[in-house]
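Written out below as C-alpha coordinates is the structure these notes cover.
The values are calculated or read from the model by the stated rules, or taken from the named source; none is laboratory data. Here the structure is a predicted model, which means the values were calculated and not measured. Here the Cβ positions follow ideal geometry from the backbone for every residue, glycine too, while neighbour counts run over all protein chains shown.
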Amino acid sequence: MGVLDELSRLSSAEDFFVFLEVPFDAAVVRVARLHILRRMGQYLRGSEVEGVFAGLDEGEIRTLCRSHLEQAYQDFVASTPIAERLFKVHRDAVAPKQPAPKPFVPLAALDGAKGP
(Lines give C-alpha, C1' and ligand atoms only; values in the text may rest on other atoms or scores of the structure.)
Protein backbone atom coordinates (compact mmCIF):
# COMPACT_ATOMS: atom_id res chain seq x y z
CA MET A 1 0.00 0.00 0.00
CA GLY A 2 1.36 3.41 -0.96
CA VAL A 3 1.75 6.45 1.26
CA LEU A 4 -1.15 8.28 -0.38
CA ASP A 5 -3.40 5.25 0.14
CA GLU A 6 -2.40 5.11 3.79
CA LEU A 7 -3.11 8.83 4.21
CA SER A 8 -6.60 8.34 2.78
CA ARG A 9 -7.34 5.82 5.56
CA LEU A 10 -6.43 8.17 8.43
CA SER A 11 -9.31 9.58 10.42
CA SER A 12 -8.01 12.53 12.44
CA ALA A 13 -5.61 15.40 12.03
CA GLU A 14 -3.49 13.99 14.83
CA ASP A 15 -3.23 10.72 12.87
CA PHE A 16 -1.69 12.63 9.96
CA PHE A 17 0.88 14.28 12.21
CA VAL A 18 1.81 10.98 13.87
CA PHE A 19 1.91 9.03 10.60
CA LEU A 20 4.11 11.62 8.88
CA GLU A 21 6.17 12.20 12.04
CA VAL A 22 5.51 15.94 12.16
CA PRO A 23 5.73 17.52 15.64
CA PHE A 24 2.72 19.66 16.56
CA ASP A 25 1.16 21.70 19.32
CA ALA A 26 -2.17 20.12 20.23
CA ALA A 27 -3.68 23.55 20.94
CA VAL A 28 -3.00 24.71 17.37
CA VAL A 29 -4.42 21.50 15.89
CA ARG A 30 -7.48 21.66 18.16
CA VAL A 31 -8.39 25.09 16.74
CA ALA A 32 -7.43 24.60 13.09
CA ARG A 33 -7.53 20.86 12.37
CA LEU A 34 -9.84 21.01 9.35
CA HIS A 35 -8.09 24.07 7.99
CA ILE A 36 -4.65 22.46 8.26
CA LEU A 37 -5.80 19.33 6.46
CA ARG A 38 -7.59 21.33 3.77
CA ARG A 39 -4.49 23.47 3.17
CA MET A 40 -2.34 20.33 3.02
CA GLY A 41 -4.77 18.99 0.41
CA GLN A 42 -4.38 22.18 -1.60
CA TYR A 43 -0.61 21.83 -1.50
CA LEU A 44 -0.83 18.16 -2.52
CA ARG A 45 -3.18 18.97 -5.43
CA GLY A 46 -0.78 21.69 -6.54
CA SER A 47 2.09 19.20 -6.54
CA GLU A 48 -0.02 16.71 -8.44
CA VAL A 49 -1.01 19.28 -11.08
CA GLU A 50 2.62 20.30 -11.47
CA GLY A 51 3.57 16.65 -12.00
CA VAL A 52 5.82 16.54 -8.94
CA PHE A 53 4.66 13.02 -7.97
CA ALA A 54 5.71 11.54 -11.31
CA GLY A 55 8.74 9.33 -10.88
CA LEU A 56 8.94 9.66 -7.08
CA ASP A 57 9.39 6.56 -4.97
CA GLU A 58 7.32 6.00 -1.81
CA GLY A 59 10.01 7.51 0.44
CA GLU A 60 10.11 10.69 -1.61
CA ILE A 61 6.31 10.90 -1.67
CA ARG A 62 6.25 10.53 2.12
CA THR A 63 8.85 13.32 2.43
CA LEU A 64 6.78 15.55 0.13
CA CYS A 65 3.61 14.86 2.14
CA ARG A 66 5.46 15.59 5.37
CA SER A 67 6.70 18.87 3.90
CA HIS A 68 3.19 19.89 2.84
CA LEU A 69 1.76 19.05 6.27
CA GLU A 70 4.52 21.04 7.99
CA GLN A 71 3.87 23.99 5.67
CA ALA A 72 0.10 23.83 6.24
CA TYR A 73 0.60 23.60 10.00
CA GLN A 74 2.95 26.61 10.00
CA ASP A 75 0.36 28.60 8.04
CA PHE A 76 -1.94 28.30 11.06
CA VAL A 77 0.74 28.78 13.68
CA ALA A 78 1.38 32.17 12.09
CA SER A 79 -2.24 32.96 11.24
CA THR A 80 -5.81 32.04 12.11
CA PRO A 81 -8.48 30.06 10.28
CA ILE A 82 -10.61 33.17 9.84
CA ALA A 83 -7.69 35.17 8.43
CA GLU A 84 -6.83 32.38 5.96
CA ARG A 85 -10.45 32.03 4.77
CA LEU A 86 -10.21 28.50 3.38
CA PHE A 87 -13.90 27.77 3.80
CA LYS A 88 -16.78 29.50 2.05
CA VAL A 89 -18.42 30.54 5.32
CA HIS A 90 -15.34 32.60 6.21
CA ARG A 91 -15.09 34.15 2.74
CA ASP A 92 -18.79 35.04 2.79
CA ALA A 93 -18.45 36.67 6.21
CA VAL A 94 -16.20 39.37 4.76
CA ALA A 95 -17.67 39.62 1.28
CA PRO A 96 -19.26 42.97 0.46
CA LYS A 97 -22.99 42.82 1.09
CA GLN A 98 -25.32 43.49 -1.80
CA PRO A 99 -27.75 46.32 -1.06
CA ALA A 100 -31.33 45.22 -0.58
CA PRO A 101 -33.38 45.68 -3.73
CA LYS A 102 -35.70 48.67 -3.68
CA PRO A 103 -39.37 47.78 -3.76
CA PHE A 104 -40.97 48.22 -7.15
CA VAL A 105 -44.64 48.98 -7.61
CA PRO A 106 -45.76 49.12 -11.24
CA LEU A 107 -48.02 51.98 -12.24
CA ALA A 108 -50.68 49.52 -13.34
CA ALA A 109 -51.01 48.40 -9.72
CA LEU A 110 -51.73 51.99 -8.66
CA ASP A 111 -54.30 52.64 -11.39
CA GLY A 112 -57.06 50.64 -9.71
CA ALA A 113 -56.34 51.89 -6.21
CA LYS A 114 -58.83 54.34 -4.74
CA GLY A 115 -57.98 56.78 -2.03
CA PRO A 116 -60.03 57.41 1.16
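Take the residues in the range 1-30 that are hydrophobic (A, V, I, L, M, F, W, C) and surrounded by fewer than 14 Cβ atoms within 10 Å (Cβ to Cβ), then tell me which one is farthest from Glu84 (Cα to Cα). Talk me through it step by step, then tell me what you get.
Taking the range 1-30 and keeping what is hydrophobic (A, V, I, L, M, F, W, C), we get 1, 3-4, 7, 10, 13, 16-20, 22, 24, 26-29.
With surrounded by fewer than 14 Cβ atoms within 10 Å (Cβ to Cβ) added as a condition, the list becomes 1, 18, 26-27.
Values: Met1: 34, Val18: 24, Ala26: 19, Ala27: 18 Å.
The selected residue is Met1.
Check off (1) hydrophobic (A, V, I, L, M, F, W, C); (2) surrounded by 16 or more Cβ atoms within 10 Å (Cβ to Cβ); (3) more than 18 Å from Leu4 (Cα to Cα); (4) at pLDDT 80 or above for Leu86 and give me the number that stays unchecked.
So Leu86 meets the others, but not (4).
Can you pull out every residue in the range 3-28 that is free of Cβ contacts under 8 Å to residues at least 40 places away in the same chain and among the aliphatic types (A, V, I, L, M)? So that I can check it myself, show each step before the final result.
Quick first cut of the range 3-28, residues free of Cβ contacts under 8 Å to residues at least 40 places away in the same chain only: 5-6, 8-15, 18-19, 23, 26-27.
Of everything in the range 3-28, those that are free of Cβ contacts under 8 Å to residues at least 40 places away in the same chain and among the aliphatic types (A, V, I, L, M) turn out to be Leu10, Ala13, Val18, Ala26, Ala27.
Looking at the range 56-65, can you tell me whether even one residue there is surrounded by 18 or more Cβ atoms within 10 Å (Cβ to Cβ), among the small types (Gly, Ala, Ser) and either touching a helix residue (DSSP H, G or I) at 6+ places or on another chain (Cβ under 9 Å) or modelled with pLDDT under 90 (or both)?
no
Kindly check whether there is at least one residue in the range 53-68 that is of a type outside the set (Asp, Glu) and within 17 Å of Pro81 (Cβ to Cβ).
Taking every residue of the range 53-68 in turn, none turns out to be of a type outside the set (Asp, Glu) and within 17 Å of Pro81 (Cβ to Cβ).
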